[in-house]
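*Asks:* Right, I'll just put the structure down here and ask away after.
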Amino acid sequence: MLTDREIQATKARDKLYRLADGAGLHLEVSAAGGKLWRLRCRSDGRE
């Protein structure tokens, strides 16, 4: 699990990157520095 400190310490990189939080939930950090929570759902092996 990501902690509040880890989330606040994330910095922008050249490309979008993701930090996994568990159970399909991850934090996407854009090249501009924006942060979005995303949830990946799978059904029958498809995303």
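The values are calculated or read from the model by the stated rules, or taken from the named source; none is laboratory data. Note that the coordinates shown come from a computational prediction; the quantities given were computed from them, not determined experimentally. Positions of Cβ are generated from backbone atoms using ideal geometry, with glycine treated the same way; all protein chains shown enter the neighbour counts.
*Asks:* Against the conditions (1) in contact (Cβ under 8 Å) with a residue 12 or more places away in the chain; (2) on the phi < 0 side of the Ramachandran plot, where does Ser43 fall short? Just the number, please.
*Replies:* (1)
*Asks:* Follow-up question, since we're still on this one. Can you pull out the residues in segment 24-47 that are among the hydrophobic types (A, V, I, L, M, F, W, C) and either modelled with pLDDT under 90 or farther than 23 Å from Lys11 by Cβ (or both)?
*Replies:* Passing the criteria: Leu39, Cys41.
*Asks:* Restricting to segment 26-45, give me the number of residues that are part of a loop (DSSP other than H, G, I, E, B) and either touching a Gly at 6+ places or on another chain (Cβ under 6 Å) or basic (Lys, Arg) (or both).
*Replies:* 2
*Asks:* Show the residue pairs meeting these rules: Cβ distance below 9 Å; 6+ apart or different chains; first residue within segment 3-31 and touching a residue at least 12 places away in the same chain (Cβ under 8 Å); second residue β-branched (Val, Ile, Thr) and in a helix (DSSP H, G or I).
*Replies:* Leu19/Ile7; Leu27/Ile7
*Asks:* Sticking with this structure for a sec: Could we say that Ala12 is touching a strand residue (DSSP E or B) at 6+ places or on another chain (Cβ under 9 Å) and in a loop (DSSP other than H, G, I, E, B) here?
*Replies:* Spelling it out, Ala12 is indeed touching a strand residue (DSSP E or B) at 6+ places or on another chain (Cβ under 9 Å) and in a loop (DSSP other than H, G, I, E, B).
*Asks:* Sticking with this structure for a sec: Filter segment 1-26 for residues that are surrounded by 12 or more Cβ atoms within 10 Å (Cβ to Cβ) and hydrophobic (A, V, I, L, M, F, W, C); which is nearest to Arg40 (Cα to Cα)?
*Replies:* Of everything passing the filter in segment 1-26, Leu25 is nearest to Arg40 (Cα to Cα).
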